[in-house]
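Here the structure comes first, spelled out in structure tokens, and everything after it is commentary.
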Amino acid sequence: MKRILLLGMGNPILCDDAIGIRLAGYFKDRLQQFADLDIIDDCSLGGFNLLDILKGYSRLIVIDSIRSGGAEPGLWHYFTADRLRETMNLNCVHDANFATALELGRRLGMHLPADRDIHIFAVEILDNRTFSERMSDSLENRFQPLAEEIFTHVSRLLKTHHQ
Amino acid sequence: MKTIRIDPITRLEGHGKIEIFLADDGGVQDCHFQIPELRGFERFVVGRPVEELPRIMTRICGVCPASHHMASAKAVDGCFGGEVAPLAHKLRDMYYHAHYIHSHIAHFYALAAPDFVLGPDADPAIRNILGVIAKVGLEIGGQVIQARAMAQKIQQLLGGRFTHLVWCLPGGVSKGLKKIELEKIKPMVMELSKFADFSLKLFRDIVLGNPQYVDLILNGPYTLDVHSMGLVDENNASNFYDGQVRVVDFEGKEICKYQPHEYADFVAEHVESWSYLKFPYLKKRGWKGFTEGIDSSLYCATPLARLNVSDRMATPRAQAAFEEMFQTVGGKPCRALLANHWARLVEMVHNVEMLERYCADPEITGDQFRVIPKKITGEGVGIVEAMRGTLTHHYTCDKNGICTSANLIVGTTNNNAPIQMVTKKVAQALIKPGKDPDQGILNMIEMAFRAFDPCYSCATHSLPGQMPLEVLAYKNGALHWQLRRGI
């Protein structure tokens, strides 16, 4: 089993909520060089369902959307799970949020990545309430430079892991 | 007048807000349960090939995607003439029972159990599934997670995925069940059968074994004199995937029973300026406002409502659990909304028995799982019981099979008016003049609508999100006090 998992989180037809999926899809081919990496570029799951996916991995990279209020679309944040802020999709309201699910899994003895090994890239978005296959103009226009910035950081993280 | 705002609500699908309007003497005058989100899914699908809709509809929400997939598939079947391979109906139904088990486990253990295992007024910091596991033990926690995962695995083996299905096609399904897959499913069904019995026993021990909880369920403010809606088969036994919609009043008399394609003759939707969500009611009775009583036009569509409209369960162990429940709650129909939590467990017993039945069916691994449609008839209505209530999809398409209209009435929408009413009722019972509510009282207000397991992510066709809780109380327009949770 590979040790690292990269997840693109979101809903592909909910306007800017697709950003995590779009970015993960954009990275997919370019990250083939990392033999220890699995990529799920269209992950629309949360809560306990995420436990089923994460089980057995030592490291996790999540790309997701966030609305922190008033921030410019395309601005992005990086943090690890020990400083977890809730992004839009790491919440699962039917059972438990991501942090709770992780804690539960650990108490039950599951092999899950430690908080410091869960790396979250959260992109500020404008609209996640309109069904659309296209993201808002502000995010579409910003996509290419945004993707390159995050790709650089993701690559660096993966190289660090392999050292 | 003073306003208390509970915004947003915890342990609930989607983003909701409660505004409680207090009179000058401090008593509750009115209560609005609001969903500040937008719709738009029906418009999004117009102009697309109608056979794509079952695959698109699962993206409305990650909580009950299989319900939308099934209702959508049945509506699309109708658009293509309605002929479906009999084996496909069995496979879809089998999948759906596994989906129910997964959902009911999540709701009962993660959302409902904290209120009963830890108590309604427990510290909010521990009133969650971690607190439940801390109290009942890690071993039970492990069983919950394992059972949930097995229900997911069964879905995956049947439909290729446990979420966001791409399985159902007009006239059937895209893959059958191989014998080797069936052999993997059988032992999991045996384990789930034990787990369903265990869950019922846990409910008996923890909830029924506590006289205060029984009193709260039966004699608390969590009751409503409105009617019940649910799907039944030809014997008036509960059915989740197929059948006719039956509505029974709260004294047990049948009000109406209709075929899916007749839904528009029986259900209409009322609009209020303060809510994005509509309020369905029984059309032939007309909109009579948010009123209880035998002449009311309002109904619940919940697990309890499904059992209320059913004369019986189709399987023996579920029938025994059904009889035990109604005997304990004082007869059938039951108006005590907190009994919904029990009803979910009765349904879970039925779900595992149906899986057992399908596992023993010699035809289930057959290869005639699709009839290729040969004509486009242009209109279809699909109704299933989503875990949260009766789910209706109605589509029309042109002669080329392009969708020209779509209308959805989702489970939670059916319950919108009753949720408003019971929230107000509980607030009136618990918030007393001269005493500001504490976290325990606020949680007991939330318990009123949590019994419905409402899911607003598809009701408003918006994004779900578990949010912190903030309560703001205003008096004469100024902030009087506030409570915060998780902020």
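The values are calculated or read from the model by the stated rules, or taken from the named source; none is laboratory data. These numbers were taken from a predicted model, which means no experiment stands behind them. Every residue, glycine among them, receives a Cβ derived from its backbone with ideal geometry; neighbour counts consider all protein chains shown.
Could you please give the count of residues in the stretch B:222-274 that are assigned to a strand (DSSP E or B) and surrounded by 21 or more Cβ atoms within 10 Å (Cβ to Cβ)? Give the derivation first.
Within the stretch B:222-274, the subset assigned to a strand (DSSP E or B) is B:223, B:227-232, B:237-238, B:244-248, B:254-258, B:267-270.
Filter once more, keeping what is surrounded by 21 or more Cβ atoms within 10 Å (Cβ to Cβ): B:227-232, B:238, B:245-248, B:267.
Qualifying residue count, the stretch B:222-274: 12.
Does the stretch B:172-183 contain any residue that is crowded, with 17+ Cβ neighbours inside 10 Å, in contact (Cβ under 8 Å) with a residue 40 or more places away in the chain and part of a strand (DSSP E or B)?
yes
Out of all the residues in the stretch A:113-123, is one or more loosely packed, with under 15 Cβ neighbours inside 10 Å, part of a helix (DSSP H, G or I) and modelled with pLDDT under 95?
Residues of the stretch A:113-123 that are loosely packed, with under 15 Cβ neighbours inside 10 Å, as a first pass: A:114, A:116.
Restricting the remaining residues to those that are part of a helix (DSSP H, G or I) gives A:116.
Remaining after also requiring modelled with pLDDT under 95: A:116.
The answer is yes, given that some residue of the stretch A:113-123 is loosely packed, with under 15 Cβ neighbours inside 10 Å, part of a helix (DSSP H, G or I) and modelled with pLDDT under 95.
What's the number of the condition B:T291 fails, among (1) within 22 Å of the chain's Cα centre (by Cα); (2) not in a helix (DSSP H, G or I)?
Failing condition for B:T291: (1).
Out of B:L130, B:L158, which single residue is over 14 Å from B:Y241 (Cβ atoms), out of contact with any strand residue (DSSP E or B) (no Cβ under 6 Å at 6 or more places or on another chain) and part of a helix (DSSP H, G or I)?
Details: B:L158 fails: over 14 Å from B:Y241 (Cβ atoms).
Result of the check over B:L130, B:L158: B:L130.
Here is a check on your reading of the model: is B:I372 more than 24 Å from B:Q259 (Cα to Cα), at pLDDT 90 or above and either of a type in the set (A, V, I, L, M, F, W, C) or not assigned by TED's automatic domain parsing to the domain that holds B:G293 (or both)? Explain how you work it out, then say what you get.
Working: more than 24 Å from B:Q259 (Cα to Cα): yes; at pLDDT 90 or above: yes; either of a type in the set (A, V, I, L, M, F, W, C) or not assigned by TED's automatic domain parsing to the domain that holds B:G293 (or both): yes.
Spelling it out, B:I372 is indeed more than 24 Å from B:Q259 (Cα to Cα), at pLDDT 90 or above and either of a type in the set (A, V, I, L, M, F, W, C) or not assigned by TED's automatic domain parsing to the domain that holds B:G293 (or both).
In a helix (DSSP H, G or I) and either within 16 Å of B:L177 (Cα to Cα) or within 13 Å of chain A (Cβ to nearest Cβ) (or both): does that describe B:A98? Don't jump to the end; show me each part of the working.
On the way: in a helix (DSSP H, G or I): yes; either within 16 Å of B:L177 (Cα to Cα) or within 13 Å of chain A (Cβ to nearest Cβ) (or both): yes.
Judged against the criteria, B:A98 is a match.
Exactly one of (1) more than 22 Å from A:E133 (Cα to Cα); (2) buried (at least 23 other Cβ atoms within 10 Å of the Cβ); (3) within 13 Å of another protein chain (Cβ to nearest Cβ) is unmet by A:L14. Its number?
Result: A:L14 fails condition (1) only.
Let's see how each residue does on (1) basic (K, R); (2) more than 24 Å from the chain's Cα centre (by Cα); (3) more than 23 Å from B:A75 (Cβ to Cβ); (4) more than 9 Å from chain A (Cβ to nearest Cβ):
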| residue | (1), (2), (3), (4) |
| --- | --- |
| B:D123 | no, yes, yes, yes |
| B:I129 | no, no, yes, no |
| B:G141 | no, no, yes, no |
| B:M150 | no, no, yes, yes |
| B:Q155 | no, no, no, yes |
| B:G159 | no, no, no, yes |
| B:F162 | no, no, no, no |
| B:V166 | no, no, no, yes |
| B:P170 | no, yes, no, yes |
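Can you pull out the residues in the stretch A:124-144 that are surrounded by 15 or more Cβ atoms within 10 Å (Cβ to Cβ) and either within 14 Å of chain B (Cβ to nearest Cβ) or in contact with a helix residue (DSSP H, G or I) (Cβ under 6 Å, 6 or more places away or on another chain) (or both)?
Passing the criteria: A:I125, A:L126, A:D127, A:N128, A:R129, A:T130, A:F131, A:S132, A:M135, A:S136, A:L139.
Go through the residues of the stretch B:355-370 one by one and say whether even a single one is in contact (Cβ under 8 Å) with a residue 40 or more places away in the chain, assigned to a loop (DSSP other than H, G, I, E, B) and within 18 Å of B:A301 (Cα to Cα). Show your work before the answer.
Initial filter on the stretch B:355-370 (in contact (Cβ under 8 Å) with a residue 40 or more places away in the chain): B:355-359, B:361, B:363-370.
Filter again for assigned to a loop (DSSP other than H, G, I, E, B), leaving B:361, B:363-369.
Narrowing the set further to residues that are within 18 Å of B:A301 (Cα to Cα) leaves none.
Looking for residues that are in contact (Cβ under 8 Å) with a residue 40 or more places away in the chain, assigned to a loop (DSSP other than H, G, I, E, B) and within 18 Å of B:A301 (Cα to Cα), one finds none in the stretch B:355-370, hence no.
Residues are listed down the side, and each one gets a yes or a no for (1) more than 14 Å from every other protein chain (Cβ to nearest Cβ); (2) in contact with an Asp or Glu (Cβ under 6 Å, 6 or more places away or on another chain); (3) modelled with pLDDT under 90:
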{"position": "A:K28", "(1), (2), (3)": "yes, yes, no"}
{"position": "A:D42", "(1), (2), (3)": "no, no, yes"}
{"position": "A:L54", "(1), (2), (3)": "no, no, no"}
{"position": "A:S68", "(1), (2), (3)": "no, no, yes"}
{"position": "A:A81", "(1), (2), (3)": "yes, yes, yes"}
{"position": "A:R85", "(1), (2), (3)": "no, no, yes"}
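Within the stretch B:366-387, which residues are out of contact with any Phe, Trp or Tyr (no Cβ under 8 Å at 6 or more places or on another chain) and surrounded by fewer than 17 Cβ atoms within 10 Å (Cβ to Cβ)? Reasoning before the result, please.
Residues of the stretch B:366-387 out of contact with any Phe, Trp or Tyr (no Cβ under 8 Å at 6 or more places or on another chain): B:366-372, B:374, B:378, B:382, B:386.
Passing the criteria: B:G366, B:D367, B:Q368, B:I372, B:K374.
Which of the residues spanning the stretch B:125-139 are of a type in the set (V, I, T) and surrounded by 15 or more Cβ atoms within 10 Å (Cβ to Cβ)?
Of the residues in the stretch B:125-139, the ones of a type in the set (V, I, T) are B:126, B:129, B:132-133, B:136.
Residues satisfying the conditions are B:I129, B:V132, B:I133, B:V136.
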